[in-house]
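Participant: Following this message is one structure expressed as structure tokens.
The values are calculated or read from the model by the stated rules, or taken from the named source; none is laboratory data. Note that the coordinates shown come from a computational prediction; the quantities given were computed from them, not determined experimentally. When we count neighbours, we look across all protein chains shown, and the Cβ atoms used for this are built from the backbone with ideal geometry, even at glycine.
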């Protein structure tokens with residue numbers, strides 16, 4: 001069997017696109033999308049094997065991104081309830097850069113099936129009744145605008161009023177600057193709500209996935225009673241390339257990756273995806289004791 005690389009970076013079995021052959025098109029249809037190249041080890045992975053391994057490369061343990069619904073499905077027991085799903089972003093600045101913001105919103109909504117880059121859920125994590133917020137990186141880079149801020153603030157309020165632990169899975173490029181100062185205000189809004197949650201002595205755990213940057217890192221993503229990250233996650237405020245260009249120095253190996261931050265005391269743990277659910281269950285037992 002031979003392999004060839006498609007334009008989207010995936011690998012496909014069968015004859016290459018220029019090899020000819022009467023059944024080449026039929027083979028391409030049968031195998032299209034079945035193989036994907038790992039960004040970590042650069043090896044092709046059979047997609048069903050990747051999915052069976054929780055979207056973690058079985059060869060190098062590279063953690064692929066998960067969508068918000070996949071995160072909730074991974075952690076919560078069956079029968080959970082999705083809430084706060086009706087909020088939609090507006091365009092307060094009538095913003096346009098390469099394309100109008102309204103157009104970006106429509107495209108993201110069609111691609112993800114979500115109104116914005118966040119999903120709230122009520123359910124059980126093992127024996128614990130919890131409130132969960134999971135961010136969707138596929139929605140304009142998981143950026144935080146008014147809807148993301150309001151939705152997470154509602155999750156914090158639900159946790160405080162119901163005295164249920166709060167779990168937030170963060171993955172974001174930062175504040176959504178197409179909404180201007182409104183996006184920046186969400187940092188203070190969520191942080192204030194979390195301070196009230198802390199005063200009520202209700203546990204809050206944040207799980208940081210790749211990437212978690214910008215205003216999200218500078219606010220709620222690093223305010224957990226426990227801050228946990230997946231292996232290899234990029235976590236920081238400004239990106240490493242921007243920092244290097246600013247200070248004109250070479251950054252240390254692994255800078256801003258979760259293992260580096262754990263070593264420097266910015267994280268409490270780095271937990272592989274397959275162990276995350278059990279780790280959170282044990283952590284909640286400790287925090288509620």
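Participant: Please go through segment 135-165 and give me each residue that is more than 15 Å from the chain's Cα centre (by Cα) and within 20 Å of residue 181 (Cβ to Cβ), ordered by number.
Facilitator: Hits for segment 135-165 are 145, 146, 147, 149, 150, 151, 153.
Participant: What is the residue count in segment 46-91 for residues that are outside any loop (DSSP other than H, G, I, E, B) and touching a residue at least 12 places away in the same chain (Cβ under 8 Å)?
Facilitator: Matching residues across segment 46-91 total 16.
Participant: Check whether at least one residue in segment 49-63 is at pLDDT below 50 and in contact with a strand residue (DSSP E or B) (Cβ under 9 Å, 6 or more places away or on another chain), and report yes or no.
Facilitator: Within segment 49-63 (the criterion being at pLDDT below 50 and in contact with a strand residue (DSSP E or B) (Cβ under 9 Å, 6 or more places away or on another chain)), the answer is no, since none of the residues qualifies.
Participant: Among residues belonging to segment 172-216 that are assigned to a loop (DSSP other than H, G, I, E, B) and either buried (at least 22 other Cβ atoms within 10 Å of the Cβ) or in contact (Cβ under 8 Å) with a residue 12 or more places away in the chain (or both), point out the one that is farthest from the chain's Cα centre (by Cα).
Facilitator: For segment 172-216, the residue satisfying everything is 200.
Participant: Looking only at residues in segment 92-102 that are in a loop (DSSP other than H, G, I, E, B) and surrounded by 14 or more Cβ atoms within 10 Å (Cβ to Cβ), which one is modelled with the lowest pLDDT?
Facilitator: Once the filter is applied, the top-ranked residue is 92.
Participant: Checking the condition out of contact with any strand residue (DSSP E or B) (no Cβ under 6 Å at 6 or more places or on another chain) and in a helix (DSSP H, G or I), which residue from 253, 150 passes?
Facilitator: Within the list 253, 150, the selection yields 150.
Participant: Have a look at 237, 220, 255 and point out the one that is at pLDDT below 95, closer than 14 Å to residue 170 by Cβ and touching a helix residue (DSSP H, G or I) at 6+ places or on another chain (Cβ under 6 Å).
Facilitator: 237
Participant: Look through 119, 131 and report the one residue that is assigned by TED's automatic domain parsing to the domain that holds residue 273 and more than 14 Å from the chain's Cα centre (by Cα).
Facilitator: 131
Participant: Assess whether residue 10 counts as being under 25 Å from the mean Cα position of the chain (by Cα), surrounded by 12 or more Cβ atoms within 10 Å (Cβ to Cβ) and either modelled with pLDDT of 95 or more or not assigned by TED's automatic domain parsing to the domain that holds residue 181 (or both).
Facilitator: yes
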